[in-house]
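Asks: Sharing a structure with you now.
The values are calculated or read from the model by the stated rules, or taken from the named source; none is laboratory data. Model, not experiment: these values are computed from the prediction. Cβ sites come from the backbone with ideal geometry, for glycine too, and all protein chains shown count toward neighbours. What goes into the accessible areas is simple: the full protein's heavy atoms, side chains included, and nothing from ligands, DNA or RNA. Shrake-Rupley method; radii C 1.70, N 1.55, O 1.52, S 1.80 Å.
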Amino acid sequence: MRKAIETLKNIWKIEDLRQRILITILLQRILITILFVAIYRFGSYVVLPGINPSMLTQLHQQTSEGLLALLNMFSGGAFSNASIFALGIMPYISASIVIQLLGIAVPYFQKLQREGESGRRKMNQYTRYLTIIILLVQAPSYLLNLKMQAGPSLNASLDWTLFMLTSTIILAAGSMFILWLGERITDKGIGNGISLIIMVGIIARLPQSLFQELISRMTDKTGGLVMFLIELVVLLLVIAFAILLVQGTRKIPVQYAKKIVGNKQYGGARQYIPLKVNAANVMPIIFAQAIMFIPITLVGFSNVNNASGFIHALTDHTSFWYNLIFAVLIILFTYFYTAITINPTQMAEDMKRNNGFIPGIKPGKQTAEYIDVIMSRITLPGSFFLALVAIMPAFAGIFGVKAEFAQFFGGTSLLILVGVVLDTLQQVESHLLMRHYDGLLKSGRIKGRSGTVAAY
């Protein structure tokens, strides 16, 4: 940490950089990123026309737990503020998942994936179209829920049909504007724009959650300041564990055959294939969470407290059966998603085509089988660790941590937070190294979610 601070101080001490700050690539990208993030946070507090923001108490209570609490976290509180950015970036994420699955099952989308840059542009366009369709479905649903939970906040003189029409357009346009901001951050700023916006939405809830947890511990006399400090230490340990999970890789050595052309020798170098312990990233948690919310949807959000028996256990995220089924689903989906995203046969064919081989393993079928066995072995502990991280918020809730603060102890939010921070730091370090400055660490290099060392 001291090394990183000293490096950043040294950058600002260089007079030439200070005089040309607007044209220095790294600083310019950082400033652009900060500007776009500030615009996003400002829009999160711009309320829909015709709504009184001081009368949204019931909506705030509804979004304090369950699925809506997760959506509210990803939107940075815009969901509970009835903001023009209330739907956030999640419709685009949902559309991206659908298009990604279509790329596995539908031949037309498989063909687009093989067409390179032109195919990628077409798939991005289809993703945007699907995002708009999802927004046009979600926006009226959000407005109907807003009318039920915060009816008094609506202006009595409003025509409901006109309000639904205009607000649907505004909500859809707000989410597409967030998507545009994310793409501009990717092109002109630092890091992946969409992931950075999600991370900012998650971090925006952290100060309030920390403060509420501190007040709760001090006023309820449940451990006081000592218990709060213990919670912070446990949170840091969980974050360190998540970093290990995100960056854990198994390197498979690959030897390339030597080739002599004239007086020059090509190939002959040994490289490595980095197979990630958690190749599926957060997708198994997202799929499992979607299935676990089916019982709550069938019972109805308003009748959750009236459910009994096994159904009640499935609607209580702190119950034993809920977390057991949730963990099992995550383990199964980890294997499923790893199987459809990692293709050992294709990897073996690519190695053979480039005159590469794994020492001691014959090229072709045996290489594919070897990679498949290695992936199966490292996916098992990876899936168990991922399941453990996913149910950590439930354990935190059992020990008396408030629901809003408990969400930072694991789950999708923590893995996204860790992954995006690592990717962003990797890009910053890459810019520093390209300009012959020291990196952010005293030794080694920061690795992002891809598991690759920062390029320079």
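Asks: What pairs in LYS188/LYS352; LYS122/LYS251; LYS122/LYS147; LYS122/LYS188; LYS188/LYS251 have C-alpha atoms more than 29 Å from each other?
Replies: In this structure, LYS188/LYS352; LYS122/LYS251; LYS122/LYS147; LYS188/LYS251 lie more than 29 Å apart at Cα.
Asks: How large is the accessible surface per residue of region 198-247, computed with a 1.4 Å probe and reported in Å² as a whole number?
Replies: So region 198-247 comes to 55 Å² accessible per residue, rounded to a whole number.
Asks: I want the local charge near LEU275. Using Cβ-Cβ distances under 13 Å, sum +1 for each Lys or Arg and -1 for each Asp or Glu among the other residues.
Replies: +3
Asks: Using the crude model of +1 on Lys and Arg Cβ and -1 on Asp and Glu Cβ, and no other charge, please compute the dipole size for region 113-234 relative to its Cα centre, in debye to 20.
Replies: For this selection, approximately 260 debye.
Asks: Counting residues in region 96-233 as N, plug N into 2.2 N^0.38 Å and put the Cα Rg over that result.
Replies: 1.52
Asks: Where Rh denotes the Kirkwood radius from the mean inverse Cα pair distance, what is Rg over Rh for region 353-400?
Replies: Rg/Rh: 1.37.
Asks: Further question on the same structure: Taking H as built 1.01 Å from N, whose amide H comes closer than 5 Å to the amide H of VAL254, not counting residues under 5 places away?
Replies: GLN271, TYR272, ILE273
Asks: A follow-up question, please. Net charge near TYR92: determine it from the other residues with C-beta under 11 Å of the C-beta of TYR92, scoring Lys and Arg +1 and Asp and Glu -1.
Replies: Counting the neighbours of TYR92, the net charge comes to 0.
Asks: Report the full-extension gain for the segment LEU229 to SER216: residue separation times 0.36 nm, less the Cα-Cα distance, to one decimal in nm.
Replies: 3.4 nm
Asks: While we're here: Run the accessible area of region 94-151 with a 1.4 Å probe and give the carbon-and-sulfur part as a rounded percent.
Replies: For region 94-151, the apolar C and S fraction of the accessible surface comes to 63 percent.
Asks: Once every Cα of region 108-171 carries one equal point scatterer and solvent is ignored, give the base-10 log of I(q)/I(0) from the Debye formula at q = 0.22, 0.27, 0.28 Å⁻¹, two decimals.
Replies: At q = 0.22, 0.27, 0.28 Å⁻¹ the computed log10 ratios are -0.87, -1.09, -1.13.
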